[in-house]
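Following: one structure in structure tokens, then a few remarks.
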Amino acid sequence: MSAIIDSLGGLLALSIPLFWIFMHYKYRDRKTTGFTEDESRQLQELLDIADSMADRIKNLESILDTEAPDWREQHEKR
């Protein structure tokens, strides 16, 4: 029984580092190449949407500041 446990332990001790080396080199290129063209395009689209939303929020807040000056206080109480 001890020989079986030792064999399994040895197999495990070899398989984990081999698996780690395989995964390391498989994904190493992805780290160095950066984004693909499609990923860069999607990221730029998301940044444009975020900028647009930030502008809209500023505009809405300025409208609220004019129409209901105490809206910030009421919102912070929640």
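The values are calculated or read from the model by the stated rules, or taken from the named source; none is laboratory data. Computed from a prediction, not measured in an experiment: that's the story for all the values here. Cβ coordinates were reconstructed from backbone atoms using ideal geometry, including for glycine residues, and neighbour counts include every protein chain displayed.
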What are the pairs, 6+ residues apart or on separate chains, where a residue within region 65-78 that is without any contact (Cβ under 8 Å) to a residue 40 or more places away in the chain has its Cβ under 9 Å from a residue that is among the polar types (S, T, N, Q) and loosely packed, with under 10 Cβ neighbours inside 10 Å? ALA68/GLN74
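Just need a number here: residues in region 28-75 that are aromatic (Phe, Trp, Tyr) and loosely packed, with under 10 Cβ neighbours inside 10 Å. Please lay out each step first, then the result.
Step one: list which residues in region 28-75 are aromatic (Phe, Trp, Tyr), which gives 35, 71.
With the extra rule that they be loosely packed, with under 10 Cβ neighbours inside 10 Å, the set shrinks to none.
The qualifying residues number 0.
For region 7-36, name all the residues that are among the hydroxyl-bearing types (Ser, Thr, Tyr) and modelled with pLDDT of 70 or more. Write out each step before concluding.
Our first condition is that a residue be among the hydroxyl-bearing types (Ser, Thr, Tyr); within region 7-36, this holds for 7, 15, 25, 27, 32-33, 36.
Those that are among the hydroxyl-bearing types (Ser, Thr, Tyr) and modelled with pLDDT of 70 or more: SER7, SER15, TYR25, TYR27, THR36.
Might you check whether a residue that is at pLDDT below 80 and of a type in the set (D, E, K, R) occurs anywhere in region 62-71?
We begin by selecting, within region 62-71, every residue at pLDDT below 80; these are none.
No - not one qualifying residue is present in region 62-71.
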